1. Where residues in region 57-76 are of a type in the set (Ser, Thr, Tyr) and at pLDDT below 95, which of them is farthest from Gly31 (Cα to Cα)?
2. So, of the residues in region 49-74 that are of a type in the set (A, V, I, L, M, F, W, C) and in a loop (DSSP other than H, G, I, E, B), which turns out to be nearest to Arg34 (Cα to Cα)?
3. Kindly indicate the residue of region 77-105 that is at pLDDT 95 or above and under 19 Å from Glu126 (Cβ atoms) and also surrounded by the most Cβ atoms within 10 Å (Cβ to Cβ) among those meeting that condition.
4. Consider Ala13 carefully, then state whether it is exposed (fewer than 14 other Cβ atoms within 10 Å of the Cβ) and at pLDDT below 95.
5. Would you confirm whether any residue within region 130-137 is surrounded by 13 or more Cβ atoms within 10 Å (Cβ to Cβ), closer than 30 Å to Thr62 by Cα and either in contact with a Phe, Trp or Tyr (Cβ under 7 Å, 6 or more places away or on another chain) or modelled with pLDDT of 95 or more (or both)?
6. Out of region 34-70, which residues are out of contact with any Gly (no Cβ under 8 Å at 6 or more places or on another chain), surrounded by 12 or more Cβ atoms within 10 Å (Cβ to Cβ) and under 19 Å from Ala117 (Cα atoms)?
7. Looking at region 117-137, which of its residues are within 21 Å of Arg44 (Cβ to Cβ), touching a residue at least 24 places away in the same chain (Cβ under 8 Å) and either β-branched (Val, Ile, Thr) or in contact with a helix residue (DSSP H, G or I) (Cβ under 6 Å, 6 or more places away or on another chain) (or both)?
8. Say whether the condition of being farther than 28 Å from Ala13 by Cα and part of a loop (DSSP other than H, G, I, E, B) is met by at least one residue in region 81-91.
Amino acid sequence: MSNEHKSAEREAAPRVPPRWFVRTAWALHRGLYRVTAGRVGLRRPRARSWGTLRVITTGRRTGCEHSVILAYVEDGPNLITLAMNGWADGEPAWWLNLQAHPEATVDLADGSRFVTARAARGEERERLWARWQEIDANLDGYAALRSVETAVVILEPRPEPHPEPHVHS
């Protein structure tokens, strides 16, 4: 590959902020959500824009609850997000947690719901990836920054869990 071609390829690649900046922005967003008791930090998606939700997962190693705020779009009753890790390599911890324990809770601007997570595959993945491309024309360029395919994560509604009945002895 010629130097000219490499230079043009670098120019075409979208720019991502430094990792420290991305992580700081995530921490500030979570802090804003926490300080305002959830009144600020979540929003519904619009026609050409994603929304934000908070997903509460069960840690794959600890079994403890963890939460993160993510971008999402709607697909019927399902919520769709990307396991992008700020476009850095490696899978985000929340996605690894959901792979181990797919049942989770999401907080939305208009309330909470129980969901089951799974990765989109095949034609479904292609359709949902195209939906995200409508919002971000640079999506393929960002995804090319990662060495692994970015999972398209579907959060499907599930019924509210019922507490275990207490057995009296």
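1. Going residue by residue through region 57-76, those that are of a type in the set (Ser, Thr, Tyr) are 57-58, 62, 67, 72.
Next cut, at pLDDT below 95 only: 62, 67.
On the way: Thr62: 23, Ser67: 12 Å.
Result: Thr62.
2. Step one: filter region 49-74 for residues of a type in the set (A, V, I, L, M, F, W, C), giving 50, 53, 55-56, 64, 68-71, 73.
Now drop any that are not in a loop (DSSP other than H, G, I, E, B), which leaves 50, 64.
On the way: Trp50: 21, Cys64: 18 Å.
Looking at the filtered set, the residue picked out is Cys64.
3. From region 77-105, those at pLDDT 95 or above are 77-83, 94-105; that's our starting set.
Filter once more, keeping what is under 19 Å from Glu126 (Cβ atoms): 78-83.
Values: Asn78: 17, Leu79: 24, Ile80: 21, Thr81: 26, Leu82: 24, Ala83: 21.
My answer is Thr81.
4. Values: exposed (fewer than 14 other Cβ atoms within 10 Å of the Cβ): yes; at pLDDT below 95: yes.
Yes, satisfied.
5. Going through region 130-137, the residues surrounded by 13 or more Cβ atoms within 10 Å (Cβ to Cβ) turn out to be 131-132, 135-136.
Narrowing the set further to residues that are closer than 30 Å to Thr62 by Cα leaves none.
Taking every residue of region 130-137 in turn, none turns out to be surrounded by 13 or more Cβ atoms within 10 Å (Cβ to Cβ), closer than 30 Å to Thr62 by Cα and either in contact with a Phe, Trp or Tyr (Cβ under 7 Å, 6 or more places away or on another chain) or modelled with pLDDT of 95 or more (or both).
6. Within region 34-70, Trp50, Gly51, Leu53, Val55, Ile56, Thr57, Thr58, Gly59, Arg60, Ser67, Val68, Leu70 qualify.
7. Matches in region 117-137: Ala117, Trp132, Ile135.
8. Taking region 81-91 as the starting set, the residues that turn out to be farther than 28 Å from Ala13 by Cα are none.
No, the conditions are met nowhere in region 81-91.
The values are calculated or read from the model by the stated rules, or taken from the named source; none is laboratory data. In this text the structure is predicted, and so the values were computed from the model without any measurement. In this analysis, Cβ positions are derived from the backbone assuming ideal geometry, glycine residues included, and neighbour counts consider all displayed protein chains.
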